[in-house]
1. So is B:Asn65 open to solvent by 20 Å² or more (accessible area, probe 1.4 Å), under 21 Å from A:Ile20 (Cβ atoms) and modelled with pLDDT under 90 or not?
2. Hey, can you tell me all the residues within segment A:113-137 that are buried (at least 22 other Cβ atoms within 10 Å of the Cβ) and farther than 18 Å from A:Val155 by Cα?
3. Within segment B:1-36, track down each residue that is part of a helix (DSSP H, G or I) and under 25 Å from B:Phe157 (Cα atoms).
4. Out of all the residues in segment B:152-162, which are open to solvent by less than 70 Å² (accessible area, probe 1.4 Å) and assigned to a strand (DSSP E or B)?
5. How many residues are in a loop (DSSP other than H, G, I, E, B), surrounded by fewer than 11 Cβ atoms within 10 Å (Cβ to Cβ) and away from every other protein chain (no Cβ under 14 Å) when one looks only at segment B:163-208?
6. Could you check segment B:41-151 for helices (runs of 4 or more DSSP H) lying wholly inside it with 2 or more residues that are of a type in the set (Gly, Ala, Ser) and in contact with a helix residue (DSSP H, G or I) (Cβ under 6 Å, 6 or more places away or on another chain)?
7. So which residues in segment B:86-119 are open to solvent by 30 Å² or more (accessible area, probe 1.4 Å), more than 14 Å from every other protein chain (Cβ to nearest Cβ) and under 17 Å from B:Ile31 (Cα atoms)?
Amino acid sequence: MSNENNMKKSIRIVVTLCLITALVGALLAFVNLVTKDRIAEQNQKAMDEAVAVIFGEGTTEEIAGDYQAPVSKVFDVKVAGHSVGYCVLVNPKGYGGAVEMMVGITPEGAVRGISIVSHSETPNLGTKVVENTSYLANYFGKTQPVSYGDGIEAVSGATRSSNAVRDGVNAALALGLGKKVPVTDQEG
Amino acid sequence: MKKILNQFLDAVIGQNPILIQLLGMCSVLAISTTAMNAIGMGAAVTVVLIFSNVLISMLRKLIPNEIRIAAFIVIISGFVTAVQLIIKAYLPSLDKSLGVFIPLIVVNCIILARAEAFASKNRVLPSALDGLFMGVGYTAALLILSIVREFVGYGSFFGMKLFGNKFVGVGMLVSPPGAFILLGILIAVVNFIIIKNKEKKKSKEKEAKLSAEKEKEVCEQ
């Protein structure tokens, strides 16, 4: 008798938890359905804004390929059908996690601009690097991977944030995008 | 109506989740850097509190006691994920600044504590109100803390720069240790006021009793 009761109880527990999970699952499926397109749109918008900061205008076309971390995506930036450069989305590791940033590369293979898409660096320390456009501008025009000393230094107190920016730019440059230094066969 | 007002005052002041119950401290310290963050986080927590309280209260007779915590967590995490998706879709800048602390609402003890202590024992409407009031209490405490931190740390109020660009903030208060110290001070001040008020009330009650007794005596005479 008690065995039977136990069985009943167990079954009730399993069924209830399954029902609740199914209910919550259905709710999430619905919310996901409603917000999915909008989230994709917002992500696209964030990318477009980052590209617009560097190139001013233009549409992006993703260049597919297997990229090694921290490079995650490469875009060909086009104005009226002509390529005006590339954008490389990199997410190097900073102090508070990945620093997602867009590195713009000119058709000649030089850094044209850097725009930070998202970061979680320490306020007042790491932000001295990632929110400081004049510091980031030190990288503009570089064609070869950079190490500290050639005109660029880490910001004191924010070494790891500085390293993140350096690593990100270097990873983007190492792809060899642009006409002068064709290293990979992925560029157009 | 009076009952609701009492419930409100009790939730916001008497049992304030941050200042009195000291629940969910982790995200409080991390998120209270700017007033806008505080409002966003407070709103997210309030919405999750209301909905999870309502659903848990509705299901309270169906959920076997043995698995109630598991059931609560499933429900809470469901609502948190929904809120996160909605914030991502409609308020991407808020999503950026709150980051990982939105999904971490799942493990915020305020919500589980209200589910366990209130929603699983009360009817739907009081549970909804409890969620709302607790959320308001949470938001209020978070807002006070973050306004002070934003003012001292960045020299701004709701994102408006008050002292121009030359202002150098106190970095200490922007980082979590500074928040910890500030929160301690805030808790001390609030408790001081509450204790003073209680003492006043007590002495007033005593006076009222005494005068009532005197009146009685006068009447009897």
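The values are calculated or read from the model by the stated rules, or taken from the named source; none is laboratory data. All values reported here derive from a predicted model rather than from experimental measurement. Cβ sites come from the backbone with ideal geometry, for glycine too, and all protein chains shown count toward neighbours. Note: areas computed on protein heavy atoms with side chains; ligands, DNA, RNA excluded. Shrake-Rupley method; radii C 1.70, N 1.55, O 1.52, S 1.80 Å.
1. Considered against the rule, which asks whether it is open to solvent by 20 Å² or more (accessible area, probe 1.4 Å), under 21 Å from A:Ile20 (Cβ atoms) and modelled with pLDDT under 90, B:Asn65 comes out as yes.
2. A:Gly113
3. So the first thing to find is which residues in segment B:1-36 are part of a helix (DSSP H, G or I), and the list is B:2-14, B:25-31, B:35-36.
Across segment B:1-36, the qualifying residues are B:Val12, B:Ile13, B:Met25, B:Cys26, B:Ser27, B:Val28, B:Leu29, B:Ala30, B:Ile31, B:Ala35, B:Met36.
4. Hit for segment B:152-162 is B:Ser156, nothing else.
5. Taking segment B:163-208 first, the residues in a loop (DSSP other than H, G, I, E, B) are B:163-170, B:175.
If we keep only those that are surrounded by fewer than 11 Cβ atoms within 10 Å (Cβ to Cβ) as well, we get B:164-166, B:168.
Going one step further and asking which of them are away from every other protein chain (no Cβ under 14 Å), we end up with B:164, B:166.
Going through segment B:163-208 one residue at a time, the tally reaches 2.
6. Passing ranges, in order: B:68-90.
7. B:Val107, B:Cys109
Quick grid of which residues meet (1) of a type outside the set (Gly, Ala, Ser); (2) assigned to a helix (DSSP H, G or I); (3) more than 15 Å from B:Gln84 (Cβ to Cβ):
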site: A:Asn3; (1), (2), (3): yes, yes, yes
site: A:Lys8; (1), (2), (3): yes, yes, yes
site: A:Ile13; (1), (2), (3): yes, yes, yes
site: A:Leu17; (1), (2), (3): yes, yes, yes
site: A:Ala22; (1), (2), (3): no, yes, yes
site: A:Leu27; (1), (2), (3): yes, yes, no
site: A:Asp37; (1), (2), (3): yes, yes, yes
site: A:Gln44; (1), (2), (3): yes, yes, yes
site: A:Asp48; (1), (2), (3): yes, yes, yes
